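The values are calculated or read from the model by the stated rules, or taken from the named source; none is laboratory data. None of these values were measured; they are calculated from a predicted model. Every residue, glycine as well, gets a Cβ built from its backbone with ideal geometry; the counts of neighbours run over all protein chains shown.
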Amino acid sequence: MKMRVMYATKKGKMITYAEAIGAACGCLVNDIPPAYPADKERLVLIGLPAGGAPEDRVRRFCSELSFDKTAYVALFIDGAPDSETENQVKEILRSAGTNVLEETYYVDTGRFNFSKKISLEERQHIVDWARKMQNWVIQLNGKAPTTKTYEPEAK
């Protein structure tokens with residue numbers, strides 16, 4: 001599946017989370033704005049800090065993510081659920097015409113934590129979430145999501 005991981009933060013730990021997803025899923029990892037624009041990506045995972053309104057570069061980038069550029073977007077946020085940043089970015093993405101997966105992954109890097117290290121358990125959790133989002137996109141197969149969480153069908 002064509003996918004990309006992007007982030008808009010200076011916190012080393014969030015960058016490490018993005019790189020862990022990229023390594024596990026075999027996809028590109030870029031800062032926002034990326035050197036190469038998104039082009040027919042099936043899934044884009046975006047890592048953002050939760051404090052206040054989103055930065056201009058994030059708003060501009062997200063407003064350009066139409067369904068032609070990326071079919072689905074999911075967020076991993078450094079902070080508490082239902083932050084102003086998360087809600088505004090999701091609204092911008094919907095307005096641009098892409099499908100937003102509502103299941104957001106929340107990370108707590110700490111207020112003054114400049115370390116890049118994450119534990120093996122933290123790495124496994126974010127990779128599991130990313131693979132869950134991949135499976136959700138495969139199940140949706142071009143349709144808009146109708147629920148907030150992905151639950152695999154029982155076999």
(Q) I need a count of the residues in the range 17-40 that are more than 13 Å from the chain's Cα centre (by Cα), under 23 Å from D56 (Cα atoms) and of a type in the set (D, E, K, R). (A) 1
Q) For T16, are the conditions met, namely being outside any loop (DSSP other than H, G, I, E, B) and polar (S, T, N, Q)? A) yes
Q) Quick one: is K11 surrounded by 13 or more Cβ atoms within 10 Å (Cβ to Cβ), closer than 22 Å to S115 by Cβ and at pLDDT below 95? A) yes
Q) Any idea which residue in the range 76-133 is nearest to S63 (Cα to Cα), counting only those that are assigned to a loop (DSSP other than H, G, I, E, B) and small (G, A, S)? A) G97
**Q.** Candidate set from the range 60-75 (those that are hydrophobic (A, V, I, L, M, F, W, C) and assigned to a strand (DSSP E or B)); member that is surrounded by the fewest Cβ atoms within 10 Å (Cβ to Cβ)
**A.** A71
Q: May I ask you to verify whether Y36 is outside any strand (DSSP E or B) and surrounded by 16 or more Cβ atoms within 10 Å (Cβ to Cβ)?
A: no
Q: Return only the number of the condition from (1) within 15 Å of W129 (Cα to Cα); (2) touching a residue at least 24 places away in the same chain (Cβ under 8 Å) that A23 does not satisfy.
A: (2)
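Rundown of residues vs (1) under 25 Å from G12 (Cα atoms); (2) surrounded by 15 or more Cβ atoms within 10 Å (Cβ to Cβ); (3) at pLDDT 90 or above, yes/no style:
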residue: T85; (1), (2), (3): yes, yes, no
residue: K90; (1), (2), (3): yes, yes, yes
residue: R94; (1), (2), (3): no, no, yes
residue: F112; (1), (2), (3): yes, no, no
residue: K117; (1), (2), (3): yes, no, no
residue: L120; (1), (2), (3): yes, no, yes
residue: R123; (1), (2), (3): yes, yes, yes
residue: D128; (1), (2), (3): yes, no, yes
residue: T147; (1), (2), (3): no, no, no
Q) Taking the range 58-109, which residues are more than 20 Å from E19 (Cα to Cα), without any contact (Cβ under 8 Å) to a residue 60 or more places away in the chain and among the small types (G, A, S)? A) S63, S66, A80, S83, S95, A96, G97
**Q.** Count - residues of the range 59-81 that are under 23 Å from D108 (Cα atoms) and in contact with a Phe, Trp or Tyr (Cβ under 9 Å, 6 or more places away or on another chain)
**A.** 8
